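Q: Handing you a structure now.
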Amino acid sequence: MRRTLIGLLILGNIVLVSAITRAVAQAPDGTVKITNRSVAQGVGLSWGDGVLSYKGTDYPFTFQATGLFRDVEVGITAAELSGQVFDLKSLEAFSGNYKVVSAGETVVGGGSRALIKNQNGVVVNLVATTEGRKFNLGPDGMTIELKK
């Protein structure tokens, strides 16, 4: 019984990693850029605006996250996070709550990246674009909503 459970857990992780790796290996459906943000220091609550570029058009969005900019310099500036969007079948699928699938990797220049996914299967490979900047997404994830 124990071996079966361990085997199923390993298989589930392999399938998940395989799907995410496949998503990142394909051409992105769009890109995102965080263009403005505010941080409640000590609380770890972050919110702001961003832009989704999808099928040649820019769509503004708002976001709210716990932990996103926790423990980073107060002087972090706008547009320091960007990413590629995968598995975006329709514009409406972009809005939702994104949870971390893979995080903690350091990129060239000392920044960080995280692979996040929402309930609609949309995957974003989010990267700190300024050298040395790091971000950390809390367990509640990031809620993104397209502006009307």
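Quick note: the coordinates plus some simple rules give every number you see, no bench work behind them. A quick note: this is a predicted structure, and the numbers were derived from the prediction, not measured. No Cβ is skipped: glycine too gets one built from the backbone with ideal geometry, and neighbour counts run over all protein chains shown.
Q: What does the charge add up to near Gln64, with Lys and Arg as +1, Asp and Glu as -1, over the other residues with Cβ less than 13 Å from its Cβ? Intermediate values should be presented prior to the final figure.
A: Values: positive: Arg37; negative: Asp49, Asp140, Glu145.
Its environment carries a net charge of -2.
Q: As an exercise, use a Förster radius of 22 Å and the Cβ-Cβ distance of Thr31 and Lys148 to find the FRET efficiency, rounded to the nearest 0.05. Let's see the in-between values first.
A: Working: r = 21 Å, r/R0 = 0.96.
Efficiency, from the Cβ-Cβ distance: 0.55.
Q: Pull up all non-local amide H partners of Arg37: gap of 5 or more, or a different chain, and H-to-H distance under 5 Å with H placed in the peptide plane.
A: The list, which skips near neighbours in sequence, is Asp49.
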